[in-house]
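Undergrad: Below you'll find the structure I mean.
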Amino acid sequence: MLTDSELVCVAVAQAMLGFTSEAHWLRYARKHLRDLFPYLPQQSGYNKRLRAALGLVKRVIRMLATSSDFWLDDCWIVDSTPVPCGMSRPTVKRSDLAGWAGYGYCASHSRFYWGLKLYLVCTPAGMPILWALADPKIGEREVLAAMLEVDAGVAAEHDGILLICDKGFAGRDFETLLGEYGITMLRPSRKDEKRRYGEPMLKKVRQLIESVNDTLKGQLDLEDHGGRSFQGVAVRVAQRVLAMAAAIWHNNATNAPITRSLIAYDH
């Protein structure tokens, strides 16, 4: 029987090697990875084990973050990116995700979608600190406030945090709330505001934020997760966040020149 640690390794390898179909992945693994994982389950068993392992996957993500140098970084970046869960009206109507997923708008691609939003708080190197999935209709400030409330101890481990975000998180009351956690917000100014301190550096930082999202979407197939249920979507997104965290952790431990590079693991 596949152990829990082996299950996590198999899930990370699947994401790293770009297999969005679990049937194709298990066929490949049985042919090429049988020496490493001799007790691979059938597809239904793998799906069941993977969904049940969501809590374990989340703990491993946190373990990798806390055991790296990046956990001590006092600069955080927060952004959200769409996680589409259905492309047709019939799919939306019969989906098990009804009541959790919803309609949202992706400004960068100028399109509407039905699904969820992934909120990721990470270091400039891309190491995930906090993450959550939410209905796109829920406000960005509300989601981030809930994330900080649930994991209040994370911010408490730092003397002060600089949080870099976009204008969607702007709000006087929200900045006051962040201050209670020892967090200072750095964001672009709105049209009705004076130019904010530190704003000139945000253009390069914005490119950094987009590059983290591109890693999840372009290299780890975030939008092609294939989840059809609450647990299925959640664990498949967590699987990809874990794969990125594992690559960053390993690259940092081996002094690789590019911390977030997945090239060494995708073949």
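For (1) among the basic types (Lys, Arg); (2) part of a strand (DSSP E or B); (3) touching a residue at least 12 places away in the same chain (Cβ under 8 Å); (4) buried (at least 22 other Cβ atoms within 10 Å of the Cβ), each residue gets a yes or a no:
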position	(1), (2), (3), (4)
Ser80	no, yes, yes, yes
Val83	no, yes, yes, yes
Asp96	no, no, yes, no
Trp114	no, yes, yes, no
Val121	no, yes, yes, yes
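Undergrad: Here's another thing I want to ask about it. I'd like the full set of residues that are in a loop (DSSP other than H, G, I, E, B) and either surrounded by 17 or more Cβ atoms within 10 Å (Cβ to Cβ) or of a type in the set (Val, Ile, Thr) (or both), limited to region 42-60.
TA: Answer for region 42-60, where residues must be in a loop (DSSP other than H, G, I, E, B) and either surrounded by 17 or more Cβ atoms within 10 Å (Cβ to Cβ) or of a type in the set (Val, Ile, Thr) (or both): just Ala53.
Undergrad: Quick check, is Pro82 touching a Lys or Arg at 6+ places or on another chain (Cβ under 9 Å) and under 30 Å from Asp166 (Cα atoms)?
TA: Answer is yes for this residue.
Undergrad: Checking Thr20 against (1) surrounded by fewer than 20 Cβ atoms within 10 Å (Cβ to Cβ); (2) part of a helix (DSSP H, G or I), which test does it fail?
TA: If we test Thr20 against (1) surrounded by fewer than 20 Cβ atoms within 10 Å (Cβ to Cβ); (2) part of a helix (DSSP H, G or I), just (2) comes out false.
Undergrad: Take the conditions crowded, with 18+ Cβ neighbours inside 10 Å, aliphatic (A, V, I, L, M) and touching a Pro at 6+ places or on another chain (Cβ under 7 Å) and apply them to Leu148. Does it pass?
TA: no
Undergrad: List pairs: first residue in region 162-173 and assigned to a strand (DSSP E or B), second residue aromatic (Phe, Trp, Tyr) anywhere in the structure, Cβ distance under 8 angstrom, at least six positions apart or on different chains.
TA: These pairs meet every condition: Leu162/Trp76; Leu163/Trp76; Ile164/Trp76.
Undergrad: Using the structure shown, decide if Arg30 is surrounded by fewer than 16 Cβ atoms within 10 Å (Cβ to Cβ) and among the basic types (Lys, Arg).
TA: Against the criterion (surrounded by fewer than 16 Cβ atoms within 10 Å (Cβ to Cβ) and among the basic types (Lys, Arg)), Arg30 qualifies.
Here's the yes/no breakdown for (1) modelled with pLDDT under 85; (2) of a type in the set (D, E, K, R); (3) within 30 Å of Pro90 (Cα to Cα); (4) over 18 Å from the mean Cα position of the chain (by Cα):
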| site | (1), (2), (3), (4) |
| --- | --- |
| Ala125 | no, no, no, no |
| Val143 | no, no, yes, no |
| Val154 | no, no, no, no |
| Cys165 | no, no, no, no |
| Gly171 | no, no, no, yes |
| Val212 | no, no, no, no |
| Leu216 | no, no, yes, no |
| Phe230 | no, no, yes, no |
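Undergrad: While we're on this one: Report the residue count in region 221-247 for those that are surrounded by 20 or more Cβ atoms within 10 Å (Cβ to Cβ), closer than 18 Å to Asp266 by Cβ and not β-branched (Val, Ile, Thr).
TA: Here the count works out to 11.
Undergrad: Scanning region 65-78 for residues that are surrounded by 20 or more Cβ atoms within 10 Å (Cβ to Cβ) and under 25 Å from Ala13 (Cβ atoms), which turns out nearest to the chain's Cα centre (by Cα)?
TA: Ala65
Undergrad: Sticking with this structure for a sec: Please work out which one of (1) closer than 21 Å to Thr215 by Cβ; (2) touching a helix residue (DSSP H, G or I) at 6+ places or on another chain (Cβ under 8 Å); (3) loosely packed, with under 15 Cβ neighbours inside 10 Å is the condition Ala107 fails and give its number.
TA: It fails just one condition, (2).
Undergrad: Hey, another quick one. List the pairs whose first member sits in region 219-242 and is part of a loop (DSSP other than H, G, I, E, B), whose second member is acidic (Asp, Glu), and whose Cβ atoms are under 8 Å apart, counting only residues at least 6 apart or on separate chains?
TA: Hits for this filter: Gly226/Glu22; Arg228/Asp96; Ser229/Asp96.
Undergrad: Residues in region 31-43: is at least one over 17 Å from the mean Cα position of the chain (by Cα) and under 30 Å from Leu148 (Cβ atoms)? Please lay out each step first, then the result.
TA: Filtering region 31-43 down to residues over 17 Å from the mean Cα position of the chain (by Cα) leaves 31-43.
When the remaining residues are screened for being under 30 Å from Leu148 (Cβ atoms), the result is none.
The answer is no, given that none of the residues of region 31-43 is over 17 Å from the mean Cα position of the chain (by Cα) and under 30 Å from Leu148 (Cβ atoms).
The values are calculated or read from the model by the stated rules, or taken from the named source; none is laboratory data. From a predicted model like this one, the values you see are computed outputs, not experimental measurements. Glycine also receives a Cβ, built like all others from the backbone with ideal geometry; neighbour counts cover every protein chain displayed.
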